[in-house]
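The values are calculated or read from the model by the stated rules, or taken from the named source; none is laboratory data. Just so it is clear, the structure is predicted and the values come from calculations on it, not from any experiment. Methodologically, a virtual Cβ is constructed for each residue, glycine included, from the backbone with ideal geometry; neighbour enumeration extends over all protein chains shown. For accessibility, only protein heavy atoms count, side chains too; no ligands or nucleic acids. Shrake-Rupley method; radii C 1.70, N 1.55, O 1.52, S 1.80 Å.
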Amino acid sequence: MRSLAAVAAARRAGEALRRGALGGVRSLSTLNPSSAVNEEVLVEGKAMARAAVLNRPGHLNALTTTMGARLNKFYESWEDNPDIGFVMMKGTGGAFCAGGDIVKLHQLTGEGKMDECKDFFKTLYSFIYVLGTYLKPHVAILDGVTMGGGGGVSIPGTFRIATERTVFATPEVHIGFHPDAAASFYLSHLTGHVGEYLALTGEKVSGADMVALGLATHYSLSGHLDLVDERLATLVTDDPSVLDSSLAQFGDLVYPDKNSIVHRLEVIDKCFSLETVEEIVDALESEAARLNEDWCTLALKRLKEASPLALKVSLRSIREGRYQTLDECLVREYRMSINGISEKFSHEFREGVRARLVDKDFAPKWDPPALEYVSADMVDSYFAPLGEFEPELKLPTEQREAFV
């Protein structure tokens, strides 16, 4: 519960101030560039803050197992350090994070290196649980591409700053997979049935709309981020309310424009509240004919381009996530991910990645090829327990209670 975090934060703040943290304010400092060139996660230090900087700009900071392990290590040490009041995360090269390195996963599945694939999911999901249960305030700067797992390593934290350059999406259904990395948790808790809409269409969301939907907590023009950074660098606090006030004071106001998702909520709820994917498609076809609006036509097109199996799996995942805790969602998503790259289902993932990111012919051959061929048994198998000799994801729920 947040009350527990507040008590712990107050205790750490007192300790840090007594140890002279006020005299320890220093300007932004990073690792030596020459020694850090091959580091996938850099560290910046400021007064009572530390920042993890995702550093794979050539890959839009896509996450690897090594990055997940480093994040786990850093965040654990920072949480235990009374001189650190809050933690930040950002990306290099004009992106925040494009999600997991699915091209690498595609390669590993093709080579039969399943243990390495499992390590990736286990490491990433474990870090997301740490972030979602972190006792110190967390600020993620989502300046640029923020997709898939990029949402997972930011949205469960305390604060998320979006900019005019932010592009958010959960496009996994178009690579034959399911929105994972806690997406079934945070998407399912959005207003109405926007979560189903984003999960099934992979629709891109602007920074302004992220704020409107609650996916982001603050907004700043990218040109003003240096001012925000300078302000945070002077703070000697671990009080979330102080951070909130500072982010609001140095941020920018933004309002939904005429193309905003907020103007579509009534139609989205009408269509995406229906029980099955087939009913959703039928309803959206009717609305597209009635409204003659580009967004509706595009949503229908994207539904029809996605993997039929992934659509049915993803709809069920979001619906289950609405009634589950963060840890329950992550454990289930791990099971789904391991099943999804198993011999039985890996065709969808491998074919989707091939078509979108390897060969780039954008002509995947899905199997089954249409919704009517996706049986309930197929979907059930995707959610099935991993088996007697395949361990499920274990999270430290007794030591770390998820906030609600």
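Per-structure values
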| read-out | value |
| --- | --- |
| Any pair with Cβ under 6 angstrom, 6 or more apart, that starts in the stretch 50-68 at a residue that is in contact (Cβ under 8 Å) with a residue 60 or more places away in the chain and ends at one that is part of a strand (DSSP E or B) and of a type in the set (V, I, T) | L60/V145 |
| Which listed residue is over 23 Å from I128 (Cβ atoms), of a type outside the set (A, V, I, L, M, F, W, C), at pLDDT below 50 and outside any helix (DSSP H, G or I), from S27, S35 | S27 |
| Flag if Y382 is under 19 Å from the mean Cα position of the chain (by Cα) and at negative phi | no |
| Residues (open to solvent by 10 Å² or more (accessible area, probe 1.4 Å) and of a type in the set (S, T, N, Q)) located in the stretch 61-88 | T64, T65, T66, N72, S77, N81 |
| Qualifying positions in the stretch 89-146 - closer than 22 Å to D226 by Cα and open to solvent by 10 Å² or more (accessible area, probe 1.4 Å) | K90, G91, T92, G93, G94, I141, D143, V145 |
| Flag if V236 is open to solvent by less than 50 Å² (accessible area, probe 1.4 Å), out of contact with any strand residue (DSSP E or B) (no Cβ under 9 Å at 6 or more places or on another chain) and either in a loop (DSSP other than H, G, I, E, B) or over 26 Å from V262 (Cα atoms) (or both) | yes |
| Candidate set from the stretch 305-323 (those that are aliphatic (A, V, I, L, M) and part of a helix (DSSP H, G or I)); member that is farthest from H174 (Cα to Cα) | I318 |
| Matching entry among S337, S375 (being in contact (Cβ under 8 Å) with a residue 24 or more places away in the chain and among the hydroxyl-bearing types (S, T, Y)) | S337 |
| Among the candidates S346, S337, S342, S286, residue that is at pLDDT 95 or above, over 20 Å from K204 (Cα atoms), surrounded by fewer than 23 Cβ atoms within 10 Å (Cβ to Cβ) and among the hydroxyl-bearing types (S, T, Y) | S286 |
| Failed item, numbered, when K122 is tested on (1) in contact with a Phe, Trp or Tyr (Cβ under 8 Å, 6 or more places away or on another chain); (2) assigned to a strand (DSSP E or B); (3) not aromatic (F, W, Y) | (2) |
| Residues (at pLDDT 95 or above and open to solvent by less than 20 Å² (accessible area, probe 1.4 Å)) located in the stretch 219-228 | S220 |
| Number of the condition not met by T158 [criteria: (1) closer than 21 Å to F96 by Cα; (2) among the β-branched types (V, I, T); (3) open to solvent by less than 20 Å² (accessible area, probe 1.4 Å)] | (3) |
| Any hit, the stretch 324-345, residues being assigned to a loop (DSSP other than H, G, I, E, B), under 19 Å from the mean Cα position of the chain (by Cα) and over 10 Å from H178 (Cβ atoms) | yes |
| Test: residue in the stretch 264-282 that is of a type in the set (G, A, S), touching a Gly at 6+ places or on another chain (Cβ under 9 Å), at pLDDT 95 or above and open to solvent by 40 Å² or more (accessible area, probe 1.4 Å) | yes |
| Members of the stretch 379-397 found to be open to solvent by 60 Å² or more (accessible area, probe 1.4 Å) and over 15 Å from R332 (Cβ atoms), listed by number | E388, F389 |
| Single unsatisfied condition, K301 versus (1) in contact (Cβ under 8 Å) with a residue 12 or more places away in the chain; (2) assigned to a helix (DSSP H, G or I); (3) basic (K, R); (4) farther than 12 Å from I175 by Cα | (1) |
| Only one of D238, D229, D180 that is among the charged types (D, E, K, R) and under 13 Å from the mean Cα position of the chain (by Cα) | D180 |
| Criterion: under 24 Å from K122 (Cα atoms) and touching a residue at least 12 places away in the same chain (Cβ under 8 Å) - qualifying residue of E343, E320 | E320 |
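Quick grid of which residues meet (1) assigned to a loop (DSSP other than H, G, I, E, B); (2) among the β-branched types (V, I, T):
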position: A355; (1), (2): no, no
position: D361; (1), (2): yes, no
position: K365; (1), (2): yes, no
position: P368; (1), (2): yes, no
position: M378; (1), (2): no, no
position: E388; (1), (2): yes, no
position: T397; (1), (2): yes, yes
position: E401; (1), (2): yes, no
